[in-house]
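Inspection log for the structure reproduced underneath, given as structure tokens.
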Amino acid sequence: MDFTGEAMAPTVHVEVHGDRAALVERARDLVIEQIQTAIAARGVCYLALAGGSTPKPLYEALAQETLPWSCLHIFWGDERYVPIDHPDSNAGMAKAAWLDQVSIPAEQIYPVPTQAETPQAAADQYQTTLETVMGSAPIFDVVLLGMGDDGHTASLFPHTPALTVSDRWATVGNKGDNPRITFTVPLINQSRCVMFLVSGENKQTALKTVFAETADSNQYPSRLIQPQGELWWLLDQAAGAVL
Ligand code: 6PG
């Protein structure tokens, strides 16, 4: 907070890379840097993963690295309300691409409990896990995010109730009739580093509006992400050509 008590603006970095492979390589190097910085400072790194397709090659690249895995704690910024072995599971994707190949202690990997009776119960249980593991004001070292072609991020979809939830760290998001569990805006915004990975021509329109001087953040929820720490936008040329 600055002297006005207003939230400090994030330090924003925007990089446009030639193609998706270059974006992934840069993201890998940045994530490793952030992990090492966190561990050097506090002996631990709290990392929240993104879902969707863009981050998968990043996870595969991280599986090839040698890092102090025992210092990492892994959460998910959002999850579909499906079992972990379902093809749509974000946790299932990350475990197959990365987490099952490295020695992060299983008890330090926290998939969203989608086996819970209802999406709300899953969100409530995830809230409890966040507070139990990270304390009453969880501060992530790195939150990885993607952005949909509608400007959503995590499972914070346009004009949904999740966008205004400010008294919880985890809540229910809705992609149409498909329930999801998602980090809330306040949780993401109290992170030390938020890293968007955005690839593909289909993201251009949303990206242009997210970066516009003024636009409706309820229509483009990625605009709501203004972390107190660093904000990185890693784009490929196909997506970032509009900027
Ligand atoms: C999810 C993600 C979602 C994703 C964007 C971009 O569960 O789908 O968390 O927010 O990051 O929709 O998805 P792509 O990377 O597949 O374009």
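Any lysines with Cα under 16 Å of the Lys95 Cα? List them, leaving off those in the same chain fewer than 8 positions away.
Within the straight-line limit of under 16 Å, Lys95 reaches these lysines: Lys56.
Setting aside same-chain residues fewer than 8 positions from Lys175, which lysines have a Cα under 18 Å from its Cα?
Within the straight-line limit of under 18 Å, Lys175 reaches these lysines: Lys203.
Please give the per residue volume of the convex hull enclosing the alpha carbon atoms of the range 186-235, rounded to a whole number of Å³.
For the range 186-235, the hull spanned by Cα atoms encloses 78 Å³ per residue.
Evaluate the Debye formula for the range 1-130 with equal point scatterers sitting on the alpha carbons, no solvent, and hand back log10 of I(q)/I(0) at q = 0.09, 0.19 Å⁻¹, in q order, two decimals.
For the requested q values the scattering log ratios are -0.31, -1.17.
Taking only the C-alpha atoms, wrap a convex hull around the chain and report its volume per residue in Å³ as a whole number.
Dividing the Cα hull volume of the chain by its residue count gives 123 Å³.
If the viscosity is 1.567 mPa s and the temperature 4 °C, what translational diffusion coefficient in µm²/s does Stokes-Einstein give for the range 121-204 when Rh comes from Kirkwood over Cα pairs?
96 µm²/s
How long is the gain from Glu131 to Ala63 if the chain were fully straight, where each residue apart is worth 0.36 nm and the alpha carbon distance is subtracted?
Working it through step by step, the gained length comes to 21.7 nm.
Helix-only mean residue ellipticity at 222 nm, the chain, DSSP H runs n ≥ 4 weighted -39,500 (n - 2.57), per residue, nearest 500. What is it?
It comes out at -8500 deg cm²/dmol, rounded to the nearest 500.
Computed from the coordinates by the stated procedures, all read-outs in this text should not be read as laboratory data. Given the structure is predicted, the values throughout are model-derived calculations rather than measurements.
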